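Structure first, then comments.
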Amino acid sequence: MKYILIAFLLGCVLGGMLSLFLITQLAPPPEADSRETLDGLISEWIMRQRQEEPLLSLAVILELPDARPGYFSPLVRDLAYRLDTLYHIPEGVTLAQWALESNWGLSALGASNYFGHTYAAVARYMPTPRFILMREKVVTLTGAIVLGDTVRFARYRDIIECFNVHGLYLSQSRAYARAFAENSADAFAREMAKRYATDPDYGLKLVSIMKRYHL
């Protein structure tokens, strides 16, 4: 009887250990869960940020033929690095803004405008000031994105000009001076976001994209 009881208890212990092992092996790791959740949120933010376009603009097709969600092309990374080097705008912040504003490069307002620049904001920094007319997207207090008034948006020759003007605009505009006084990319993004967008969560979204993609 004694040996039967010992065998029973030993079987219970081994069975429990086996069950625990299977659970830990089959269940997705917490980090994977958090990544998938954040991926879903980022996709939602980006799709809400832009208005659906029936066709990709010719500029996007030519400039970023490999544009797709979650992907930063070598060209975009090089341009973001250049802004970091020349204007001290954190590379990760530029990449996150580009992803959020242009839906990973798929939406450039038909004008090689990947950062949602209004003409009034950046005209002085453009080598050849040009614009297109579009309705502005406004974020309400509830977080909904609605179409506002028709405004002029900057129209660029190509993606390189767009990034160059973005660097000049942020670095030379007094509105973003406090961001350049910060000592981290996260802090830069949060401070810059206060003046850049009407969305109160804009800074949080940028930081979330930066952390998700290790920018």
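The values are calculated or read from the model by the stated rules, or taken from the named source; none is laboratory data. Fair warning: this is a prediction, and the values are worked out from it, not measured in the lab. Here the Cβ is made from the backbone with ideal geometry for all residues, glycine too, and neighbour counts use every protein chain on show. Each accessible area value is taken on the protein alone, full model and side chains, heavy atoms only, with ligands, DNA and RNA left out. Shrake-Rupley method; radii C 1.70, N 1.55, O 1.52, S 1.80 Å.
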- Task: Can you tell me which of 168-175, 188-195 comes out highest on packing, and rank the rest after it, using the mean Cβ neighbours within 10 Å?
- Result: 188-195, 168-175
- Report the full-extension gain for the segment D158 to Y81: residue separation times 0.36 nm, less the Cα-Cα distance, to one decimal in nm. 26.0 nm
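How large, in percent, is the carbon and sulfur part of the accessible surface of the stretch 64-121 at a probe radius of 1.4 Å? Can you show the working numbers first?
On the way: 1110 of 2040 Å².
Carbon with sulfur: 55 percent of the solvent-accessible area.
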- Env charge @ A177, Cβ radius under 13 Å, K,R +1 / D,E -1, value +2
- Given backbone amide H placed at 1.01 Å from N, residues whose amide H is under 5 Å from that of L106, ignoring those fewer than 5 places away on the same chain, are none
- Which whole-angstrom value gives the distance between the alpha carbon centres of the stretch 75-131 and the stretch 154-176? 6
- Note on the structure: Any residue on another chain or 5+ positions along whose placed amide H is under 5 Å from the amide H of V151 is listed here as M134, R135, E136
- Task: Quick one: what are the phi-derived ³J(HN,Hα) couplings along the stretch 178-187, Karplus 6.51/-1.76/1.60 with θ = phi - 60°, whole Hz, x for glycine and proline?
- Result: 5, 4, 6, 8, 6, 10, 8, 5, 4, 5
